[in-house]
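Asks: Can you read through this structure? Questions will come right after.
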């Protein structure tokens with residue numbers, strides 16, 4: 001044979017071998033576009049077995065099923081075909097373009113990643129009407145409704161939105177639902193009145209049919225601008241138990257759980273402006289029904305003695321959204337900033353309660369001080385008119401104290417003796433004698449603290465040198481570092497298994513990875529290419545006791561059986577405890 005053709009044949013055979021050995025790790029989705037009420041299947045497929053599979057975070061989705069693992073291994077005409085797939089079922093949580101990130105796996109000592117995928121989530125799609133379809137039955141028997149008390153309110157007038165969930169008698173909800181989208185109420189002042197999980201069940205009708213319903217939330221809104229305003233929808237993810245046609249051993253109908261995403265549509269509110277006609281100049285934006293009071297705790301007192309002036313507005317309306325009238329007092333009275341006190345609670349009809357502002361006033365001189373009436377104006381949406389309330393005039397009588405210069409002049413003047421008395425009276429509060437003491441200043445220089453702070457860092461230098469040498473020795477120990485890293489990874493998967501004791505599939509998947517990684521750390525081998533008999537042989541060569549070898553192999557078998565048979569929580573706890581004991585025992589014996 002010509003040597004040239006022989007070289008071509010060798011190159012062809014070598015190329016085929018490389019193509020066959022090439023690792024493939026891909027991600028596939030069941031559809032590229034789906035409605036928010038549909039499900040998406042994602043498959044991560046590989047043509048060689050590997051370790052440490054890590055799925056993406058699935059941000060924007062909720063995992064409703066999986067991971068489901070399937071393996072295909074066949075020989076056709078002497079050619080081996082292998083395939084391993086991890087499948088997940090996802091429910092989108094919002095509309096728009098959502099991305100599925102990269103999954104990773106270790107094959108042959110290398111890490112492989114899938115390419116990210118993008119899917120588009122649209123509004124809810126119509127599900128075919130099939131009386132035997134659990135998805136259709138669930139969508140037809142659970143409804144979310146938003147009831148608005150008034151769709152045409154005035155500016156700053158309270159409206160109430162009541163969110164109700166209607167459930168027919170044909171299905172049931174036994175698990176807690178979860179909010180996906182929560183309304184943000186732009187251009188509204190809002191206050192939620194939640195049931196805090198204590199939902200009361202009522203009987204009512206939905207489209208003329210008997211239903212049960214619960215009030216999920218009551219929200220009080222005060223519109224802050226006029227015109228057309230939108231209330232954002234509330235979207236829930238609800239687990240619904242749908243009865244099927246099959247019955248159990250006792251004759252009870254078996255149920256199928258369906259997770260449905262149910263949303264109440266956005267609502268439009270047309271907010272009317274307050275009337276211009278008849279609007280007073282002192283109107284500050286109060287809308288509702290109120291009463292107004294101005295009072296004092298004292299009407300007779302002496303100079304430099306304080307009294308409290310109180311202004312109070314009570315009733316129902318937008319109490320937190322306007323200012324109280326400011327008190328107008330004579331300039332000869334010393335007035336401090338008012339203290340505001342709110343006693344307001346929000347009920348289904350809006351805010352009710354009172355707002356009080358208390359002024360502390362100190363008169364300096366003798367005399368009578370009138371406090372002029374204050375006027376409070378508000379808009380009453382029931383009568384659609386403005387109303388004003390005026391307080392009574394208050395007179396404060398200061399009986400004893402110095403008089404002002406104006407009062408002295410009006411009295412015809414004072415002689416020298418009276419002026420001297422007035423001057424003494426005005427300055428009698430000034431203290432003339434002091435009892436000050438010298439401050440002894442302590443010296444910090446050459447104290448114990450001084451020498452400790454100065455010599456402490458020098459004493460620490462040898463410790464830093466020793467620590468640096470230890471760290472250098474540890475970093476140079478390549479084999480030891482690799483073993484510590486592998487042991488840390490094994491402990492990580494054991495802790496992951498402990499966290500997922502409530503999920504059988506996830507627990508045994510994490511437990512199996514921890515066992516394989518422990519062998520990789522101790523025996524410095526790849527665990528994907530040999531059987532349990534090979535594992536037992538290697539552990540026996542490492543002088544491990546046969547009882548511990550049997551226990552280790554038994555754990556691997558438990559991990560395999562758990563994928564196909566149900567397991568109780570007691571068995572899961574026993575297997576976890578057994579894994580901790582076996583790894584600890586092998587670690588002490590292996591050579």
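The values are calculated or read from the model by the stated rules, or taken from the named source; none is laboratory data. Quick caveat: nothing in here was measured; it's all calculated off a predicted structure. Heads up, the Cβs are rebuilt from the backbone with ideal geometry, glycines too, and the neighbour counts pull from every protein chain shown.
Asks: Mind telling me which of the residues 283, 322 ends up being outside the structural domain of residue 372 (by TED's automatic domain parsing) and either surrounded by 16 or more Cβ atoms within 10 Å (Cβ to Cβ) or closer than 29 Å to residue 401 by Cβ (or both)?
Replies: Criteria check complete, one pass: 283.
Asks: Quick one: which of 79, 28 is over 23 Å from residue 503 (Cβ atoms) and either free of Cβ contacts under 8 Å to residues at least 12 places away in the same chain or out of contact with any strand residue (DSSP E or B) (no Cβ under 7 Å at 6 or more places or on another chain) (or both)?
Replies: Being over 23 Å from residue 503 (Cβ atoms) and either free of Cβ contacts under 8 Å to residues at least 12 places away in the same chain or out of contact with any strand residue (DSSP E or B) (no Cβ under 7 Å at 6 or more places or on another chain) (or both) holds for just one of 79, 28, which is 79.
Asks: Turning to a different aspect of this structure: Where residues in region 51-70 are modelled with pLDDT of 85 or more and touching a helix residue (DSSP H, G or I) at 6+ places or on another chain (Cβ under 9 Å), which of them is surrounded by the fewest Cβ atoms within 10 Å (Cβ to Cβ)?
Replies: So the residue we want is 52.
The rows are residues; the columns are (1) out of contact with any helix residue (DSSP H, G or I) (no Cβ under 6 Å at 6 or more places or on another chain); (2) at pLDDT 90 or above; (3) surrounded by fewer than 14 Cβ atoms within 10 Å (Cβ to Cβ).
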| residue | (1), (2), (3) |
| --- | --- |
| 343 | yes, yes, yes |
| 354 | yes, yes, no |
| 364 | yes, no, no |
| 380 | yes, yes, no |
| 385 | yes, yes, yes |
| 389 | yes, yes, no |
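Asks: State which residue is farthest from residue 237 (Cα to Cα) when the search covers only region 92-101 and only residues that are surrounded by fewer than 18 Cβ atoms within 10 Å (Cβ to Cβ) and without any contact (Cβ under 8 Å) to a residue 60 or more places away in the chain.
Replies: 101
Asks: Can you find even one residue in region 402-412 that is exposed (fewer than 14 other Cβ atoms within 10 Å of the Cβ) and at pLDDT 90 or above?
Replies: No, region 402-412 contains no residue that is exposed (fewer than 14 other Cβ atoms within 10 Å of the Cβ) and at pLDDT 90 or above.
Asks: Residue check: is residue 266 within 30 Å of residue 384 (Cβ to Cβ), assigned by TED's automatic domain parsing to the domain that holds residue 162 and in contact (Cβ under 8 Å) with a residue 24 or more places away in the chain?
Replies: Yes, satisfied.
Asks: Quick one: which residue in 159, 240 is in contact with a helix residue (DSSP H, G or I) (Cβ under 6 Å, 6 or more places away or on another chain) and surrounded by 19 or more Cβ atoms within 10 Å (Cβ to Cβ)?
Replies: Just one listed residue meets the conditions, 240.
Asks: Looking at the structure I just gave you, is residue 512 touching a helix residue (DSSP H, G or I) at 6+ places or on another chain (Cβ under 7 Å) and either outside any loop (DSSP other than H, G, I, E, B) or at pLDDT 75 or above (or both)?
Replies: Yes; evaluated as a whole, the condition is true for this residue.
Asks: Please go through region 197-215 and pick out each residue that is in a strand (DSSP E or B) and either in contact with a helix residue (DSSP H, G or I) (Cβ under 9 Å, 6 or more places away or on another chain) or exposed (fewer than 12 other Cβ atoms within 10 Å of the Cβ) (or both).
Replies: Within region 197-215, 201, 203, 204, 205, 209, 210, 211 qualify.
Asks: Can I ask one more? Mind checking which residues of region 287-319 are crowded, with 16+ Cβ neighbours inside 10 Å and assigned to a loop (DSSP other than H, G, I, E, B)?
Replies: 303, 318
Asks: Residues that are over 20 Å from residue 312 (Cβ atoms): find the strands (runs of 3 or more DSSP E) completely inside region 340-408 holding 3 or more of those.
Replies: Strands (runs of 3 or more DSSP E) meeting the threshold: 367-371.
Asks: Does residue 262 meet the test of being closer than 30 Å to residue 89 by Cα and in contact with a helix residue (DSSP H, G or I) (Cβ under 6 Å, 6 or more places away or on another chain)?
Replies: In short, no.
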